[in-house]
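Undergrad: The structure follows.
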Amino acid sequence: MRTSSTSADGEDGVLPSGVRHLDPDDPHEIGGYRLVGRLGTGGMGVVYLGRDPLGGPVAVKAAYGAMTGDDELRRRFEAEAAAVRRVPAACTARLLVDGADRLRPYLVTEYIEGRSLEQIVRTGGPLEPEQLRALAAGVGRALTAIHRAGLVHRDLKPANILLTLTGPRVIDFGIAQTVDASGGPTGPGMVVGSPGWIAPERLHRRPAIPASDVFGWGCLVAYAGTGRNPFGSGDVDELAQRIMYAPPDLDGLDDALRGPVAAALAKDPAERPAADELLGLLGSTPPGGRSGTKELPAGRRRRWATLVPASVALTTAAVLAAVIATTAADHGSPRVPPAGGSSATPTGNQAATHGEAPVRPRAAHPAEAPHGPAATHAARPGGATPVNGRAKVKPKQKGKGKGKGGPGPPPE
């Protein structure tokens with residue numbers, strides 16, 4: 001089977017490593033693009049590996065056939081297309097064709113030669129310290145650009161980070177929203193995202209903000225450096241409880257990154273650095289060479305000033321190129337995770353789908369939140385019954401004594 005660095009032609013029936021063959025009921029053409037394999041699935045549809053009329057590879061994201069004509073789904077495709085247009089092309093997969101207005105909505109994006117951070121860690125183990133610092137800075141730069149474009153990604157996780165020869169790319173803007181929006185393309189009382197990667201404020205039914213993405217950055221950097229989710233494994237409720245109340249497990253994380261990651265994983269979003277502040281801590285220049293961050297309060301400046309060494313050399317492209325080359329050679333055929341569950345998992349080089357997992361946070365005292373063994377990726381969701389990949393969130397109820405919880409700000 002071909003590695004991810006091989007051209008995605010599929011002419012001889014052999015697909016790039018990790019790309020699945022089409023299912024019997026899959027279409028063979030969408031919008032003039034011939035489909036040759038499956039890259040991934042998610043709440044909004046399937047991402048196919050396709051070929052344009054000139055034979056070049058593309059990624060085609062299309063709604064499930066059974067959801068054809070769904071007006072809400074069409075609006076979500078339109079919102080994703082609008083979000084991708086706002087993000088600099090160097091940070092994500094460039095949008096080529098917007099077919100959101102079709103009976104079966106679809107989007108065509110460039111096909112990125114690279115492997116997801118999840119695949120690389122799952123098959124090759126944690127990154128080396130220099131590689132990890134380059135990854136942290138590269139994703140931080142992409143996140144800074146996304147926030148400057150006025151967007152919150154809302155699903156930052158290892159499966160949505162592609163490592164390429166030019167640096168990390170953040171993909172899947174299926175549940176992204178504008179910074180000034182009170183909610184995304186979801187209904188009241190719903191929390192969407194991938195178990196283990198959702199920020200505490202969102203589990204408390206507060207709107208997603210740029211700091212919510214910074215929390216995701218902390219989770220994925222910890223994962224890349226240790227090979228496990230910093231909040232362990234378990235069902236949706238267990239993961240939610242740990243994220244809301246338990247400290248992250250950062251044992252084994254590179255010392256130079258332990259401070260910034262711990263700051264990014266603060267329970268209170270107001271205590272987290274902004275994305276460009278993270279770059280300052282890592283000794284990396286924000287995109288455009290300017291800082292869009294307001295002056296920090298003195299207390300925060302003093303606290304974060306000692307989180308990392310004064311000088312951390314980062315050559316992102318060169319270091320990540322070494323990661324890709326090494327893992328492609330040693331692990332040419334990545335293990336494909338089992339299908340199922342409501343959290344999308346990529347099965348190929350590029351999966352522009354998002355995970356939408358139902359979450360039902362229950363009121364609990366911090367002491368009641370277990371912190372079991374960690375795993376390399378979030379476990380299957382359990383408990384709630386999803387409807388189209390989403391489920392209503394149980395609000396915390398007012399209680400007596402310990403575990404009090406009243407209604408928070410307006411839900412997403």
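Any read-out appearing in this document is the output of simple, stated calculations on the displayed coordinates, not a laboratory observation. Since this is a predicted model, take the numbers as computed values, not measurements. Virtual Cβ from ideal backbone geometry, glycine too; neighbours counted across all protein chains shown.
Undergrad: Which ordering of Asp251, Asp213 is given by a fewest-first count of other beta-carbon atoms within 10 Å?
TA: Asp251, Asp213
Undergrad: If you stretched the chain out fully between Asp52 and Arg75, how much longer would it get, using 0.36 nm times the residue separation minus the C-alpha to C-alpha distance?
TA: 5.7 nm
Undergrad: May I pose another question? Could you give the length gained by full extension between Val179 and Asp235, i.e. 0.36 nm per residue of separation minus their alpha carbon distance, to one decimal place?
TA: Going from the current span to full extension adds 17.2 nm.
Undergrad: Ranking Ser194, Ser116 by Cβ neighbours within 10 Å, fewest first, what do you get?
TA: Ser116, Ser194
Undergrad: When ranked by the protection proxy of mean other Cβ atoms within 10 Å per residue, highest first, what sequence do the peptides 219-229, 70-80 form?
TA: Going by the mean number of other Cβ atoms within 10 Å, highest first, we get 219-229, 70-80.
Undergrad: Please state the relative contact order of the stretch 117-250 as a whole percent: Cα pairs under 8 Å, 6+ residues apart?
TA: Once divided by the residue count of the stretch 117-250, the mean separation gives 27 percent.
Undergrad: Next up: How high is the relative contact order of the stretch 34-110, given as a whole-number percent (alpha carbon pairs under 8 Å, six or more residues apart)?
TA: After rounding, I find 26 percent.
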